[in-house]
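Enquirer: I am attaching a structure below and will ask some questions about it afterwards.
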Amino acid sequence: MIRIAAVGDVHVDKDVVGRYRPALDQLPDVADALLIAGDLTRHGTVEEAKCFATEFGGLGVPVVLVLGNHDHQSDQQDDVAQVLTDAGLTVLEGNSTVLHLHGHRIGVAGVKGFGGGFAGACASNFGEREMKAYVGHTEEIAATLEAALLDVADCDALVALTHYSPVPDTLVGEPLEIYPFLGCYQLGRAIDAAPTTLALHGHAHAGSERGRTPGGVPVRNVAHPVIKQAYNVYQLLSDQNLVNA
């Protein structure tokens, strides 16, 4: 059994440092790795990234993360990612990593993702160049997620890590009008193109925790305002396959 801790939307700034640490210091006793589903900072500054690295660094377990829309706000996302990498954290964007845990290989593929909506209420790649650019960006990101998942498809378990949601199920509780800004069906389609075990995302603060892709992959919204704790723990490769701990 492999235990994966996960959280998103922690929005760290200097006033948040120390808030999560007591629970994080217990991670080696309750989980084998920590995955973070974006919105690490409030405004995506280098100083906030340093605060995040202080809070989430040196935990004694591997930490894998993607950036969120807040982490792009100041157009310093490359510098933010470098700060986190220098702190020993693994930052994914259109690529994957393999965690070697208790003799098992756990593949994690990650992208920030983007919006666009879901079946019956989605943007299409048609019309003005601005609309085509918007949907084209979504399609490009989804394609990189699919490729990253397939690149580690031979692992014992496969986790998709995004900020934006791949399904509408985990958005329930949010206003319907903003669903297109919270996720897109293309991410779900990419997840279903590989033998994915679990999909994790954040972004939807007023959403719901549980959902499934059209292909049946369990999806969990791990945004901190949804799970209301420092992290949830999910069990992989157990007799029950996926269990909340």
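Derivation of every value follows stated rules applied to the coordinates shown; laboratory data play no part. If you're wondering where the values come from, they're calculated on a predicted model, not measured in any experiment. Note: ideal-geometry Cβ built from the backbone for every residue, glycine included; neighbour counts use all protein chains shown.
Enquirer: If we scan region 25-44, do we find a residue that is surrounded by fewer than 16 Cβ atoms within 10 Å (Cβ to Cβ), assigned to a helix (DSSP H, G or I) and among the polar types (S, T, N, Q)?
Expert: Within region 25-44, the subset surrounded by fewer than 16 Cβ atoms within 10 Å (Cβ to Cβ) is 25-26, 28-30, 43.
If we keep only those that are assigned to a helix (DSSP H, G or I) as well, we get 28-30.
From what is left, the residues that are among the polar types (S, T, N, Q) are none.
No, region 25-44 contains no residue that is surrounded by fewer than 16 Cβ atoms within 10 Å (Cβ to Cβ), assigned to a helix (DSSP H, G or I) and among the polar types (S, T, N, Q).
Enquirer: Do we find that G38 is under 16 Å from H203 (Cβ atoms), under 19 Å from the mean Cα position of the chain (by Cα) and in contact (Cβ under 8 Å) with a residue 12 or more places away in the chain in this structure?
Expert: On the way: under 16 Å from H203 (Cβ atoms): yes; under 19 Å from the mean Cα position of the chain (by Cα): yes; in contact (Cβ under 8 Å) with a residue 12 or more places away in the chain: yes.
Yes, satisfied.
Enquirer: Oh, and also: Conditions first: (1) part of a strand (DSSP E or B); (2) under 22 Å from F181 (Cβ atoms); (3) of a type in the set (A, V, I, L, M, F, W, C). I4 passes all but one, so which condition is the exception?
Expert: So the condition that I4 fails would be (2).
Enquirer: Which one of T45, T90, T54 is over 16 Å from A6 (Cα atoms), of a type in the set (S, T, Y) and out of contact with any helix residue (DSSP H, G or I) (no Cβ under 8 Å at 6 or more places or on another chain)? I'd like the intermediate steps shown before the answer.
Expert: On the way: T45 fails: out of contact with any helix residue (DSSP H, G or I) (no Cβ under 8 Å at 6 or more places or on another chain); T90 fails: over 16 Å from A6 (Cα atoms).
Criteria check complete, one pass: T54.
Enquirer: While we're on this one: Name the single residue that is farthest from V159 (Cα to Cα) among those in region 1-29 being free of Cβ contacts under 8 Å to residues at least 12 places away in the same chain and acidic (D, E).
Expert: If we take residues in region 1-29 being free of Cβ contacts under 8 Å to residues at least 12 places away in the same chain and acidic (D, E), then D15 is farthest from V159 (Cα to Cα).
Enquirer: Across region 168-203, which residue is nearest to Q235 (Cα to Cα) among those that are of a type in the set (G, A, S) and touching a Phe, Trp or Tyr at 6+ places or on another chain (Cβ under 9 Å)?
Expert: Going through region 168-203, the residues of a type in the set (G, A, S) turn out to be 173, 183, 188, 190, 193-194, 199, 202.
This time we only want the ones that are touching a Phe, Trp or Tyr at 6+ places or on another chain (Cβ under 9 Å), so: 183, 188, 202.
On the way: G183: 25, G188: 21, G202: 19 Å.
Among those that are of a type in the set (G, A, S) and touching a Phe, Trp or Tyr at 6+ places or on another chain (Cβ under 9 Å), it is G202.
Enquirer: Read through the list (1) farther than 20 Å from G94 by Cα; (2) in contact (Cβ under 8 Å) with a residue 12 or more places away in the chain, then give the number of the only condition that I178 fails.
Expert: (2)
Enquirer: Provide a single number: the residues in region 47-71 that are among the acidic types (D, E) and out of contact with any strand residue (DSSP E or B) (no Cβ under 6 Å at 6 or more places or on another chain). Don't jump to the end; show me each part of the working.
Expert: Of all residues in region 47-71, those among the acidic types (D, E) come to 47-48, 55, 71.
Pick out the ones that are also out of contact with any strand residue (DSSP E or B) (no Cβ under 6 Å at 6 or more places or on another chain) and you get 47.
Final tally of qualifying residues: 1.
Enquirer: Filter region 81-123 for residues that are in contact (Cβ under 8 Å) with a residue 24 or more places away in the chain and β-branched (V, I, T); which is surrounded by the fewest Cβ atoms within 10 Å (Cβ to Cβ)?
Expert: Looking at residues that are in contact (Cβ under 8 Å) with a residue 24 or more places away in the chain and β-branched (V, I, T), I get V98.
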